[in-house]
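Before any comments, here is the structure.
The values are calculated or read from the model by the stated rules, or taken from the named source; none is laboratory data. The structure presented is a predicted model; accordingly, all values stated were derived computationally and were not measured. Please note: Cβ atoms are built from the backbone with ideal geometry, for glycine as well, and neighbour counts cover all protein chains shown. Ligands, DNA and RNA are excluded from the accessible area calculation, which covers all protein heavy atoms including side chains. Shrake-Rupley method; radii C 1.70, N 1.55, O 1.52, S 1.80 Å.
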Amino acid sequence: MSPMTPKHLGQPSTLPASPEEAVLDYVPNPRPGRPYLVRFTAPEFTSLCPVTGQPDFAHLVIDYVPGDSIVESKSLKLFLGSFRNHAAFHEDCTVGIGERLAAEMKPRWLRVGGYWYPRGGMPIDIFWQSGPAPDGLWLPDQDVPPYRGRG
């Protein structure tokens, strides 16, 4: 989608049926040339196990340093929500989100932390980034504690 023609901003929108059908909108970066960090947190991300069809839950943290554009938050929420009925392994969801954002938005840097809740007694955490963070960038921790169960 062109940065100048947002589909969702200011418009009624419905949840896309799949991540492939989701349209991400991008708008011009209001502070081009300045390295700053944007963080989106999705503590209630859901997808489906491709083997059992059971729901999987994750806490996602998406950090990026904008290039010429930024992702519009409503379209990102709809994109993430489109995974609700999408059957894929944790690795595919987490890395796929990062790769799609990196390919379309072309940020200076992007990372995704996928902190998946246990299934079968074992949590799985997935991390992906587009490359090294820019020099001099203040990069806060994602501050998602490891799963500790009841202990």
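I'd like to know if the stretch 44-58 contains one or more residues that are more than 26 Å from Met122 (Cα to Cα) and open to solvent by 70 Å² or more (accessible area, probe 1.4 Å). Steps first, please.
Residues of the stretch 44-58 that are more than 26 Å from Met122 (Cα to Cα), as a first pass: none.
Looking through the stretch 44-58, none of the residues is more than 26 Å from Met122 (Cα to Cα) and open to solvent by 70 Å² or more (accessible area, probe 1.4 Å).
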statement: Note: among Phe83, Phe89, Phe79, just one is among the aromatic types (Phe, Trp, Tyr) and open to solvent by 30 Å² or more (accessible area, probe 1.4 Å), namely Phe89
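Go through the stretch 20-64 and report how many residues are part of a strand (DSSP E or B), in contact with a Pro (Cβ under 7 Å, 6 or more places away or on another chain) and more than 17 Å from Cys93 (Cβ to Cβ).
Just the residues of the stretch 20-64 that are part of a strand (DSSP E or B), to begin with: 26-28, 38-48, 55-64.
Okay, now just the ones that are also in contact with a Pro (Cβ under 7 Å, 6 or more places away or on another chain), so 26-28, 38, 46, 48, 59, 64.
Imposing the further condition that a residue be more than 17 Å from Cys93 (Cβ to Cβ) reduces the set to 26-28, 38, 64.
Residues meeting the conditions: 5.
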Counted residues, the stretch 92-138 - those being farther than 21 Å from His59 by Cβ, part of a loop (DSSP other than H, G, I, E, B) and out of contact with any strand residue (DSSP E or B) (no Cβ under 6 Å at 6 or more places or on another chain): 7
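Quick one: which of Val112, Val95 is without any contact (Cβ under 8 Å) to a residue 40 or more places away in the chain, open to solvent by less than 90 Å² (accessible area, probe 1.4 Å) and within 12 Å of the chain's Cα centre (by Cα)? Don't jump to the end; show me each part of the working.
Details: Val112 fails: without any contact (Cβ under 8 Å) to a residue 40 or more places away in the chain.
Selected residue: Val95, the only one of Val112, Val95 that is without any contact (Cβ under 8 Å) to a residue 40 or more places away in the chain, open to solvent by less than 90 Å² (accessible area, probe 1.4 Å) and within 12 Å of the chain's Cα centre (by Cα).
Can you say whether Ser82 is farther than 26 Å from Arg148 by Cβ and among the hydroxyl-bearing types (Ser, Thr, Tyr), as far as the supplied structure shows? Reasoning before the result, please.
Values: farther than 26 Å from Arg148 by Cβ: yes; among the hydroxyl-bearing types (Ser, Thr, Tyr): yes.
Yes.
What number of residues within the stretch 46-69 satisfy the criterion of being touching a residue at least 40 places away in the same chain (Cβ under 8 Å) and either in contact with a His (Cβ under 8 Å, 6 or more places away or on another chain) or not aliphatic (A, V, I, L, M) (or both)? Break it down into steps so the answer makes sense when it comes.
Just the residues of the stretch 46-69 that are touching a residue at least 40 places away in the same chain (Cβ under 8 Å), to begin with: 47-49, 54, 56-69.
With either in contact with a His (Cβ under 8 Å, 6 or more places away or on another chain) or not aliphatic (A, V, I, L, M) (or both) added as a condition, the list becomes 47-49, 54, 56-59, 63-64, 66-69.
Summing the residues that are touching a residue at least 40 places away in the same chain (Cβ under 8 Å) and either in contact with a His (Cβ under 8 Å, 6 or more places away or on another chain) or not aliphatic (A, V, I, L, M) (or both) in the stretch 46-69 gives 14.
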query: Only one of Gly136, Gly96, Gly149 is modelled with pLDDT of 95 or more and not hydroxyl-bearing (Ser, Thr, Tyr); which?
result: Gly96
- line: Restricted to the stretch 59-73 and to residues being under 12 Å from Leu37 (Cα atoms) and not aromatic (Phe, Trp, Tyr), the residue most open to solvent (accessible area, probe 1.4 Å) is Ile70
